[in-house]
Amino acid sequence: FFVEQTSSTTMKLPSLALSGFLLAHEISSFTPSSIGRSTTTTTSLNVFSTPGSLGTGEGWIDPSSPVNSAESLQKTLAESLKGSTFQKRISILGSTGSIGTQTLEIVDACPENFVVDALSAGNNAELMAEQVMKYSPKVASLSTPEAAAELKAILKQKGCTNMPDIVYGAEGIVEAATVSTADTVVTGIVGVAGLLPTIEAIKLGKDIALANKETIISGGSVINPLVEKHGINMLPADSEHSAIFQCLQGVPPGGLRRIILTASGGAFRDLSREELFEMCEHDAEAVQKKATTHPNWDMGAKITLDSATMMNKGLEVIEAHYLFGASYDDIDIVIHPQSIVHSMVETQDTSCIAQLGWADMRLPIVYSVSWPHRLKMPYKPLNLAEIGSLTFKAPDREKYPCIQLAYDAGRKGGTMTAVLNAANEAANDMFRADVGLGFLDIPKLIEGAMEAHKEDFKEKDVTLDDILSCDTWAREYVAENTKNVVKAPLIIL
């Protein structure tokens, strides 16, 4: 086969082209560590005292969510017994996006339970003005000074009598996250931009309704110790991790054995590996269109493409590790096209507990801001007879190499997960920008970034500056090497 040599000194393109060749031959070079679960044999183990990994507990960590401990059980019970007449004051980061607007729908449905103290968004000054007029937050933040000035002008025009503190930029997001009166921060902004405001909110003892998965994927090694130090509750607001969190309510310490993440399978779930590769080779335009259209969910373009590559599920594996403490050997993925079972847990006695519901993001969001209470919501009840059947199958890791890249980065830990996340975001952006990057070039670029990062990899004592530096480096790496990886042909025989 042919591999085009380039002058790049930072990326091993022959290896990347070889990846494509091996993929075409049902072999994967994306597997620097073993795919399967741990094969370590042990004897005389008390599996009821130590979670997972055949009872050894190897690779398990302290979770950032309030689960898997006597303290978390006591906390959950004490809060539950207070009843559902609670009131929480919330700050919403990303208020004009999908997570933010759905959170505000929950506020509308339960006005006695929630007060909005701060809002932050991008540049949509018109929608932010509507939200300010309706919810009267103390702080309103937008991305740029121009957008902030526009917001102020619109509010004056509307006759706003309770003008918020209008701020902007990264400092503005932090101000919204740290407003003194809020006790819960909903992190609905995309990317590593959510990391610093989340950290600052944790330091002030605020609970986090986590919808920004990049925060814990890139910064888990920093976030988890802070959660423990400040005693806050990290409450997942995405469907899969909310499902796991709900399933773990009442499970005693040491009772969790395995986590099973469900995946829709994304845009290419109904194509065989060979059909997908052939489509990538001969109809790149159709691939681009299909990859950004989700079969089940109405989501943003970035997460829809991540679903097509199944990197979203790989990232969720890392997130599950930090949120719930499970070893990577004890986190599995199963494709479930109907998206009704949102995830499952297996307990030590091999019972499986699942959380089911319609594909509605409001369900995990409402639990994240109301935990551990169950609020009465005006949503359509689940009807299993209407669904008819539920199906499951294992993912093809040669078809979806991003899954293994995520497992490898997670097992490596330290700064590698930040590189994985940033390289994926950058490659995702490049693909959607239609600069000639192919669908199967996305994992090539991510693998190349991870390989190049080994020289500067840091495993312990990782700081926020380390994470941000790796994030910047990985994005630059992808930008510089995109033109080279495009030249490395995927050979379909």
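Observations on the model:
- Per-residue packing, averaged as other Cβ atoms within 10 Å, sorts the ranges 315-327, 137-149 into the order 315-327, 137-149, beginning with the highest.
- Calculated diffusion of the stretch 375-432, Stokes-Einstein form, Kirkwood radius summed over Cα pairs, 20 °C and 1.002 mPa s, µm²/s: 140 µm²/s
- Under 9 Å, Cβ to Cβ, from A422 - net charge with Lys/Arg +1 and Asp/Glu -1: -2
- Share of carbon and sulfur in the accessible heavy-atom surface of the stretch 413-493 [1.4 Å probe, %]: 48 percent
- Alpha carbon centroid spacing (whole Å) that separates the stretch 222-271 from the stretch 387-440: 18 Å
- Rg [Å, one decimal], Dmax [Å, integer] - the stretch 284-412, C-alpha atoms: 16.3, 49
- Spin-label proximity, L127 to the stretch 66-108 - amide N less than 19 Å from point 7 Å beyond Cα toward beta carbon: 91-108
- Accessible surface area normalised per residue over the chain is 41 Å², counting heavy atoms of protein chains with a 1.4 Å rolling probe.
- Within a straight-line Cα-Cα reach of under 16 Å, K483 can be paired with the following lysines, leaving aside sequence neighbours fewer than 8 residues apart in one chain: K12, K444.
- The listed residues M128, M361 rank as M361, M128 when sorted by accessible area, largest first, using a 1.4 Å probe.
- The largest-to-smallest principal axis extents of the Cα set in the stretch 192-293 are 54, 34, 20 Å.
- Share antiparallel - DSSP beta bridges, the chain, percent rounded to 5: 30 percent
- The chain: radius of gyration and largest Cα-Cα distance (Dmax), Å: 22.6, 74
- Lys, Arg +1 and Asp, Glu -1 on Cβ, resulting dipole of the chain about Cα centre, debye, nearest 20: 920 debye
- Unsatisfied cross-links (Cα-Cα over 19 Å) in the set K229/K454; K138/K206; K203/K460: K229/K454; K203/K460
- DSSP H segments from the chain that extend 27 Å or more along their own axis, Cα-based, with Kyte-Doolittle mean of -1.0 or above: 464-487
- Estimated from helical segments only, the mean residue ellipticity of the chain at 222 nm is -14000 deg cm²/dmol, where each DSSP H run of four or more residues counts as -39500 (n - 2.57).
The values are calculated or read from the model by the stated rules, or taken from the named source; none is laboratory data. Treat the numbers as computed from the prediction; the structure is a model and nothing was measured. Glycine gets a Cβ as well: all are built from the backbone with ideal geometry, and neighbour counts include every protein chain shown. To get the accessible areas, we keep the full protein, side chains included, count just its heavy atoms, and leave off ligands, DNA and RNA. Shrake-Rupley method; radii C 1.70, N 1.55, O 1.52, S 1.80 Å.
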